[in-house]
1. Just to be sure I understand, how many residues within the stretch 288-321 are modelled with pLDDT under 90 and buried (at least 18 other Cβ atoms within 10 Å of the Cβ)?
2. Look through 114, 100, 150 and report the one residue that is in a helix (DSSP H, G or I) and surrounded by fewer than 20 Cβ atoms within 10 Å (Cβ to Cβ).
3. Given the criterion modelled with pLDDT of 85 or more and under 21 Å from residue 71 (Cβ atoms), identify the matching residue among 362, 389.
4. Specify which of the listed residues (259, 272, 305, 297) is farther than 18 Å from residue 390 by Cα and not in a helix (DSSP H, G or I).
5. Residue 300 - would you say it is within 21 Å of residue 241 (Cα to Cα) and without any contact (Cβ under 8 Å) to a residue 12 or more places away in the chain?
6. Residue 45 fails exactly one of the following numbered conditions: (1) at pLDDT 85 or above; (2) not in a loop (DSSP other than H, G, I, E, B). What is the number of that condition?
7. Looking at this structure, is residue 63 in contact with a helix residue (DSSP H, G or I) (Cβ under 8 Å, 6 or more places away or on another chain), closer than 18 Å to residue 358 by Cα and free of Cβ contacts under 8 Å to residues at least 24 places away in the same chain?
8. Criterion first (without any contact (Cβ under 8 Å) to a residue 12 or more places away in the chain, within 19 Å of the chain's Cα centre (by Cα) and part of a helix (DSSP H, G or I)) does residue 361 satisfy it?
């Protein structure tokens, strides 16, 4: 963060009202809240299953407690983007952060499984607004290389926090399956600090003043990058979701070893995000190479049954995905002006979480057709390689983007 603050001081920001590092810290913290919702309660699902075993359909309903916020986020993020452009980024972010805390802690006192599921749907609503607002504000506050670096930092924080939250969920779960939900209360002190510290953004001098009302949204300009993001999100989430199953199939059954490998993969994603901040501009032209790196990792993971090569392939893949995610987001934001940045960011966020939701389902279908999960991962590697080849001529003939 100190290096990023120094860079900001040298190169300037898109909004002159943004000073110091605290606004960026708050936006990074807000960007981690949806990750908290995605992984925190995973370790306590078996205990929750035992508690609600008398509820009809609990076998299917309890896992939904974990996954339904991501589905809500994927569905509602575009609508959150419209609200961002209509109501303002800061106001919606503060309200959504408070709603996140209230609904996130609701399972502490709700006795009904159906009531808990409803609260988790509302958590997804809040997450859609928080994630869209945080990413939009990064686009509002910063520009050029500074923006690119903060988007990479957002990926780094999300990757690192996933490992931390998973460990915290396991530790708190030893006190009971409800205990991890206390961490959602972090939104209560965070909301007033956001209200006090974050400046209300306005259009930059480069974009000029905006006309009253919402201008037409550039759907055609955003459709391609959002479709690519759906696939990129599936590539991004394959290792976190499937690594433990692949290790088990390779004969590694120690939970300590699996945990260490998962942490190593997370560190590789962070390394990829750090490398993104060191590369030159024009992330769009790097996309074919990044998908190629991810494809090579997948092929290495699935082509052999050796645990060492499986881990090596996962590291290669995660370095690629650490570079890929901020590259996709940077390309998306470069196509948006102030007046449509909220809607565009909401559309991109929906595409990303839709890919996250579809990732395990697609791999499950491929595993059923091919017989093994390793074969499904190799197939995903081949498809990723084809995407890389298809992008290469497109990036060569596209015109340079306007500021």
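The values are calculated or read from the model by the stated rules, or taken from the named source; none is laboratory data. Remember, predicted model here, so these are calculated numbers, not experimental data. No Cβ is skipped: glycine too gets one built from the backbone with ideal geometry, and neighbour counts run over all protein chains shown.
1. The number of residues fulfilling the criteria is 1.
2. Just a single option satisfies the conditions, and that option is 114.
3. 362
4. Being farther than 18 Å from residue 390 by Cα and not in a helix (DSSP H, G or I) holds for just one of 259, 272, 305, 297, which is 305.
5. No, not satisfied.
6. Failed condition: (1).
7. Numbers: in contact with a helix residue (DSSP H, G or I) (Cβ under 8 Å, 6 or more places away or on another chain): yes; closer than 18 Å to residue 358 by Cα: yes; free of Cβ contacts under 8 Å to residues at least 24 places away in the same chain: yes.
For residue 63, the condition - in contact with a helix residue (DSSP H, G or I) (Cβ under 8 Å, 6 or more places away or on another chain), closer than 18 Å to residue 358 by Cα and free of Cβ contacts under 8 Å to residues at least 24 places away in the same chain - is met.
8. Values: without any contact (Cβ under 8 Å) to a residue 12 or more places away in the chain: yes; within 19 Å of the chain's Cα centre (by Cα): yes; part of a helix (DSSP H, G or I): yes.
Taking the combined requirement at face value, the residue satisfies it.
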